[in-house]
1. Scan the stretch 196-217 and report the pairs whose first residue is aromatic (Phe, Trp, Tyr) and whose second residue is more than 9 Å from the ligand (Cβ to nearest atom), with Cβ atoms within less than 6 Å and a gap of 6+ or a chain change.
2. Against the condition surrounded by fewer than 20 Cβ atoms within 10 Å (Cβ to Cβ) and more than 19 Å from Arg163 (Cβ to Cβ), how does Glu12 come out, does it pass?
3. Across the stretch 373-397, what is the total count of residues that are β-branched (Val, Ile, Thr) and free of Cβ contacts under 8 Å to residues at least 40 places away in the same chain?
4. I'm trying to understand the selection: among the residues of the stretch 214-244, which are under 16 Å from the mean Cα position of the chain (by Cα) and of a type outside the set (Ser, Thr, Tyr)?
5. Can you find a residue in the stretch 233-251 that is hydroxyl-bearing (Ser, Thr, Tyr) and assigned to a strand (DSSP E or B)?
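The values are calculated or read from the model by the stated rules, or taken from the named source; none is laboratory data. For clarity, every value in this text was computed on a predicted model and none was experimentally measured. Glycine gets a Cβ as well: all are built from the backbone with ideal geometry, and neighbour counts include every protein chain shown. Note: areas computed on protein heavy atoms with side chains; ligands, DNA, RNA excluded. Shrake-Rupley method; radii C 1.70, N 1.55, O 1.52, S 1.80 Å.
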Amino acid sequence: MAIEFSLTPDQEAFRAAARSFLAKEVAPVVAEMDEREEFPAASVRRLQEEGYFGIPVPEEYGGLGLGKVGYCLFLEELGRVDASHGVIVGAHTSLGTTPLLYYGTEDQKRRWLMPAAKGEKLLAFSLTEPGSGSDSGAVHTVAERNGDRWSLTGTKIYVSNGREADTVIVMAANDPKLGANGGVTAFLVDRGTPGFRVGRCEKKMGLHGSSTAELILDHVDLGPEHVLGEVGKGFHVAMTALDVGRVSLGAASLGGMEAATEAALSFSQNRTQFGLPISEYEVIQFKLADMAMKVHALRYLVYHAAARQDRMGWTPTAWNRLERQEKTRESAVVKCLASEWASDVIDEALQIHGGLGYIRGTPIERAYRDARISEIFEGTNEIQRLVVARDLLARGL
Ligand SMILES: Cc1cc2nc3c(=O)[nH]c(=O)nc-3n(C[C@H](O)[C@H](O)[C@H](O)COP(=O)(O)OP(=O)(O)OC[C@H]3O[C@@H](n4cnc5c(N)ncnc54)[C@H](O)[C@@H]3O)c2cc1C
């Protein structure tokens, strides 16, 4: 078990550059984006131009080559500024570029990964269906084989970036009888393919800048080059991507917690009641201390998990069983604790702001609405606890 971990000067410099870029290019658009419930196309374009949609992708495939630690550093910084942008980058990078890197052929990497990492194309990932959420292996979208071609028919829901994506990684059942193990395959489906269209886009409590779309597939004809990974191994492809997504979601939550804690600290030192700044009252100090403790603990969890995944590299066939099990358990731990701590910390920060925290349009009010989904998507926290408990029962602590 590796415990030692510290950031290199280059990683610190990358973080500092990202922080000033986000302050200039993203922070100014967030309030209006939230109010208008609009995809922030202009700031997304700037992030793409800067290479921030390909941070962990190796340079030979058009990325920045900064690994998952670099990627988490960026998402932590982005999480301090806005959760919607975090989901747009996360759905594209963790759930879009990762499966291509892990399972794509060389041709697929050149055709789909390179433009995505360079920021020329946007990706999305589509597993969830109306009848298949937590039971995500029970895919009903059918992939029918005709010679070496495939025909996909079905309805997918809740796809982040689904409305804007150039390519969606779609999980479909090549053999519904086999279920998750052998019966699900991952396909690369391009926007504009006949039979493929965007349906309803959800209105949500938070994450107003991120689209959450229904996708409709009606006899979508695809050649063999659109199959990502082996036929029947799509569930595995999805779960491997989600292990990355759960850690990066932890990093974005960490950023949200830091921003909320700093805002509460500053507010409490400036707000005077009963003749004293409220930070002088022990009740408020204890709240701030609890918030800071969660931030400290989560920093170690996130970067430990990201560094482990970097050490494991990009070749899943090279991983042994124990490495896989430890990675999956750790990703579930990070996701679960990060999302619950983020909800707690942001809730306490709102409380410290008093009535002001409840006023529409304040950063803390937006953060409160945005944070709640992290306990639900990328696998609910009940499912994360099942993942941890099953592994615990099988292997012990
Ligand atoms: C904003 C947003 C963005 C999303 N983005 C994407 C995306 O990009 N791609 C994608 O594929 N999906 C996406 N999702 C879907 C998301 O991952 C699912 O909503 C989530 O996995 C839960 O599925 P469900 O909504 O069907 O809930 P259900 O599975 O119906 O769960 C309902 C409740 O039952 C609990 N439950 C279910 N089974 C068990 C069990 N065995 N034991 C104990 N409790 C259980 C759940 O934890 C939950 O509390 C997104 C969802 C939202 C809201």
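1. Sorted first by the residue in the stretch 196-217, then by its partner, the pairs are Phe196/Val189; Phe196/Leu217; Phe196/Val220.
2. Working: surrounded by fewer than 20 Cβ atoms within 10 Å (Cβ to Cβ): yes; more than 19 Å from Arg163 (Cβ to Cβ): yes.
In short, yes.
3. Here is the first cut: in the stretch 373-397, the ones β-branched (Val, Ile, Thr) are 373, 376, 380, 383, 387-388.
The next check asks that each one be free of Cβ contacts under 8 Å to residues at least 40 places away in the same chain; those that pass are 376.
Matching residues across the stretch 373-397 total 1.
4. If we filter the stretch 214-244 for residues that are under 16 Å from the mean Cα position of the chain (by Cα), which is where we start, we get 237-244.
Those that are under 16 Å from the mean Cα position of the chain (by Cα) and of a type outside the set (Ser, Thr, Tyr): Val237, Ala238, Met239, Ala241, Leu242, Asp243, Val244.
5. Narrowing the stretch 233-251 to residues hydroxyl-bearing (Ser, Thr, Tyr): 240, 248.
Narrowing further to those that are assigned to a strand (DSSP E or B): none.
No - not one qualifying residue is present in the stretch 233-251.
Matching residues to (1) open to solvent by 10 Å² or more (accessible area, probe 1.4 Å); (2) part of a helix (DSSP H, G or I); (3) over 20 Å from His296 (Cα atoms):
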position: Phe53; (1), (2), (3): no, no, yes
position: Val57; (1), (2), (3): no, no, yes
position: Gly70; (1), (2), (3): no, yes, no
position: Phe74; (1), (2), (3): no, yes, no
position: Leu78; (1), (2), (3): no, yes, no
position: Ile88; (1), (2), (3): no, yes, yes
position: Ser94; (1), (2), (3): no, yes, yes
